[in-house]
Amino acid sequence: MNPAVSFRGVSRHFGEVRAVDGVDLDIAEGEFFAMLGPSGSGKTTCLRLIAGFETPTAGDIRLFGESVAGLPPYRRAVNTVFQDYALFPHLSVVDNVAYGLMIAGVPKAERRRRAEEALAMMALPGYGSRRPSELSGGQRQRVALARALVNRPRVLLLDEPLGALDLKLREQMQDELKALQRKVGITFVFVTHDQGEALSMADRVAVFNEGRIQQVGTPAEVYGRPRTRFVADFVGSSNVLPPALTALFGGPPKWASLRPEALRLRPPEGAPIIGTVQGARYLGASTRLVVDLGTGPAPEDRADIAVLLPGGEPVPQPGARVGLTWEPAALHVMGAA
Ligand code: ATP
């Protein structure tokens, strides 16, 4: 089966700026796919290339096996939900949702029926006559989703769709978006700089940095087996160990990552590794400790490592000497630097 979206050697340069730089990527039909990366890493430009709002300076983009070179946005089987929702303030909710159908020449009665159907699916029945200004942030988000789905795209593109919502609503909408994708069964590609959001929602994640993809994989793969130091640093809160520390933890003298939750405290007597607690940060369900494993008094001898203590465990005071144990399988040696 052809991938829903495929990139081959795709670049988009703006003068000197390599917004997207030689990207190869396949997104399968029906996947919930996340593009994750820091600000300016090229995620939005990739989305705009798929939608047809940008043209590649090099490379080939295919949707369901067909090249989209030269195809304007409205001829592509994709639709976009923008971060600011881009609703028309002077139109009612139902007219906002039906707008694309009107442009496509769908007769009025059918437009209305399909718009009401889409609003019902987004749990917004009866809201059709309101203006966007009379809705909450979460409701506006649902209207934007209804509008994007009403003309039945095969791929839905979502640019930081939850960015404007507060934390509680964000978590609720994460669950709703997952459920929605299962219900409509189409491919979702969403852009986020929030690693928690990408890991909890996506079937697969592409991690971007400086216009390039550093790694593509399932959340468990990019979290547990980061290929590069950038991925280890950006995804989760990993300890990135220089070769000397990796050796201390029983690995080869190479760069490695070790998740803070794979480390456990024990009494220092007879422990394989001993350190000094530098500080503790209470996180609610857990506490993040920073332990200095350095051996000498000079600042460059310091080697801090983060340890995640499950809630309920006693938290040692700064200055306390602690021993460490770890799950050897959690020590992940990286290839490329
Ligand atoms: P953010 O999360 O902040 O939206 P992003 O990962 O989506 O970031 P892009 O918006 O794709 O990143 O931008 C990638 C790079 O390309 C940035 O350096 C940006 O300034 C640059 N860029 C994007 N669009 C243009 C443009 N139209 N003209 C010039 N430079 C651009």
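Annotations for the structure displayed:
- A single member of 17, 97, 81, 93 is within 16 Å of the ligand (Cβ to nearest atom) and in contact with a helix residue (DSSP H, G or I) (Cβ under 7 Å, 6 or more places away or on another chain), and it is 81.
- Residues (of a type in the set (Phe, Trp, Tyr) and either without any contact (Cβ under 8 Å) to a residue 60 or more places away in the chain or in contact with a Pro (Cβ under 8 Å, 6 or more places away or on another chain) (or both)) located in segment 31-63: 53
- Selection within segment 180-217: residues that are assigned to a helix (DSSP H, G or I) and under 16 Å from residue 157 (Cα atoms). The member of this set that is farthest from the chain's Cα centre (by Cα) is 184.
- Single residue of segment 1-13 satisfying the filter (surrounded by fewer than 18 Cβ atoms within 10 Å (Cβ to Cβ) and farther than 24 Å from residue 230 by Cα) that is nearest to the ligand (Cβ to nearest atom): 3
Residue-wise test of (1) in a helix (DSSP H, G or I); (2) away from the ligand (no atom under 14 Å from the Cβ); (3) within 27 Å of residue 174 (Cα to Cα).
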residue	(1), (2), (3)
71	no, yes, no
74	yes, yes, no
105	no, yes, no
110	yes, yes, no
115	yes, yes, yes
120	yes, yes, yes
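- Of all residues in segment 44-55, those satisfying the criterion of being out of contact with any helix residue (DSSP H, G or I) (no Cβ under 8 Å at 6 or more places or on another chain) and either assigned to a strand (DSSP E or B) or more than 9 Å from the ligand (Cβ to nearest atom) (or both) are 49, 50.
Residues are listed down the side, and each one gets a yes or a no for (1) surrounded by 22 or more Cβ atoms within 10 Å (Cβ to Cβ); (2) on the phi < 0 side of the Ramachandran plot:
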position	(1), (2)
178	no, yes
191	yes, yes
210	no, no
218	no, yes
251	no, yes
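- Filter result (crowded, with 17+ Cβ neighbours inside 10 Å and of a type outside the set (A, V, I, L, M, F, W, C)) within segment 118-150: 127, 128, 132, 138, 139, 140, 141, 142, 147
- The set of residues from segment 103-116 being surrounded by fewer than 16 Cβ atoms within 10 Å (Cβ to Cβ) and modelled with pLDDT of 90 or more comprises 107, 108, 109, 110, 113.
- Tally, over segment 155-177, of residues that are among the small types (Gly, Ala, Ser) and either under 14 Å from the mean Cα position of the chain (by Cα) or more than 16 Å from the ligand (Cβ to nearest atom) (or both): 1
- Filtered residue count, segment 314-328, keeping only those that are under 31 Å from the mean Cα position of the chain (by Cα) and not in a strand (DSSP E or B): 2
- Matching strands (runs of 3 or more DSSP E) fully within segment 228-295 where at least 1 residues are in contact with a Gly (Cβ under 8 Å, 6 or more places away or on another chain), touching a residue at least 24 places away in the same chain (Cβ under 8 Å) and hydroxyl-bearing (Ser, Thr, Tyr): 273-282, 286-292
- Number of residues in segment 22-43 that are surrounded by fewer than 21 Cβ atoms within 10 Å (Cβ to Cβ), outside any loop (DSSP other than H, G, I, E, B) and within 12 Å of the ligand (Cβ to nearest atom) equals 0.
The values are calculated or read from the model by the stated rules, or taken from the named source; none is laboratory data. Note that the structure is a prediction, hence the values are computed from the model and not measured. Cβ: placed from backbone, ideal geometry, glycine included. Neighbour counts: every protein chain shown.
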